[in-house]
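A quick write-up on the structure given underneath.
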Amino acid sequence: MATYAIGDVQGCYEPLQRLLQCIRFDPSRDRLWFVGDLVNRGPDSLSVLRLIKQLGERAVAVLGNHDLFLLSVAENIVRLRPEDTLQSILDAPDRDELLTWLRQQHLFYREGHFVMVHAGLLPQWSIDEAEQLAHEVETGLQGPSYRDMLEASYPSKHLQWSSGLTGPTRLATIIKVLTRLRACSPDGRMESSFNGHPDRSPSGYFPWFKIPGRRHKETMIVCGHWAALGLHCEEKLLAIDSGCVWGRELTAVRLEDRTIFQVPCNGTTA
């Protein structure tokens, strides 16, 4: 039995199929962890969602910003942009079933000494606190008022975390941390527009995993989201968004021994 963490798929179904062949995935004994951004920009988000849903308990997924964007489009909170490739899901006969399943996925997943999250964690958050905050969002997504939370997420640039936040704004800010964080200040103020290489982080901001004294630094974190960072492995970090949708690679890491598997991609972004 092996557990494989897989980087941002973003609708790239054909590379995902090749990666599963590369790792010789056996659904009778192996498990897959998906770090989020299952959909969008790639050519076949519908097939990706159907595949992961059909895997049932053999797959664990956390939600990324593109997955939440899909839910928001479906609720008419935001509109599709020219570069989005989500229409096939919105038109699918099993649309409602897929979107309901998506709302039931994790924002934060913890198992053994591993934690999986799409983007990152603020330096002042402990693992226990982050898990509890993520649970607030997960409960909200599955509840009757989930639309209010999604609506508060757009636009997100002004959102900054404070423990005193309440209501939809609180949940939207937690979402921003877990699904959009790249760089922040040592006191946890998020930089909202930067998506380049970490070496070019704006003055006063640092990659979230480089902040000295962060409260979760002893925990192994598996994440994606930062394509410009690429595959980046440290003692307590497996960042595995290797830019498949941008024509680079789709990555899997076997968690038991950190063996890396990659397949080339074709630059399928719309």
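Bear in mind that the values in this text are calculations on the coordinates, not laboratory data. Because the structure is predicted, anything quoted here is derived from the model rather than measured. So basically every Cβ, Gly included, is an ideal-geometry build from the backbone, and we count neighbours across all protein chains shown.
Check the straight Cα-Cα distances from residue 176 and name the lysines below 16 Å, setting aside those fewer than 8 residues away within the same chain.
The reachable lysines, counting only those whose Cα sits under 16 Å from residue 176, are 157.
Rank-order 208-221, 7-20 by packing density, defined as the average count of other C-beta atoms within 10 Å over each peptide's residues, highest first. If you can, show how the numbers build up before the last one.
Working: 208-221: 17.2, 7-20: 24.4.
Ranking the peptides 208-221, 7-20 by packing returns 7-20, 208-221.
Could you please rank 100, 3, placing first whichever residue has the fewest other Cβ atoms within 10 Å of its Cβ? Can you show the working numbers first?
Values: 100 11, 3 16.
If I rank by nearby Cβ atoms, fewest first, I get 100, 3.
At 222 nm, what value in deg cm²/dmol follows for the chain if DSSP H runs of at least 4 each add -39500 (n - 2.57) and the sum is divided by all its residues, to the nearest 500? Walk me through the intermediate numbers first.
Values: 8 runs with 79 residues, N = 270.
One gets -8500 deg cm²/dmol as the mean residue ellipticity at 222 nm.
So if I take the centroid of the Cα atoms in the stretch 223-270 and the same for the stretch 153-206, what is the distance between those two points in Å?
The stretch 223-270 and the stretch 153-206 have Cα centres separated by 22 Å.
Among (i) 1.00; (ii) 0.93; (iii) 0.96, only one was calculated for this model; which label is it, if the read-out is Rg/Rh (Cα atoms, Kirkwood Rh)?
(ii)
Under a straight-distance cross-link criterion of Cα-Cα below 19 Å, which aspartates and glutamates are reachable from residue 217, leaving out those fewer than 8 residues away in the same chain?
Within reach: 111, 128, 129, 131, 187, 234, 235.
What ranking do 182-194, 60-72 get when scored by the average of other Cβ atoms within 10 Å per residue, highest first?
Numbers: 182-194: 17.8, 60-72: 24.3.
For the peptides 182-194, 60-72, the packing ranking is 60-72, 182-194.
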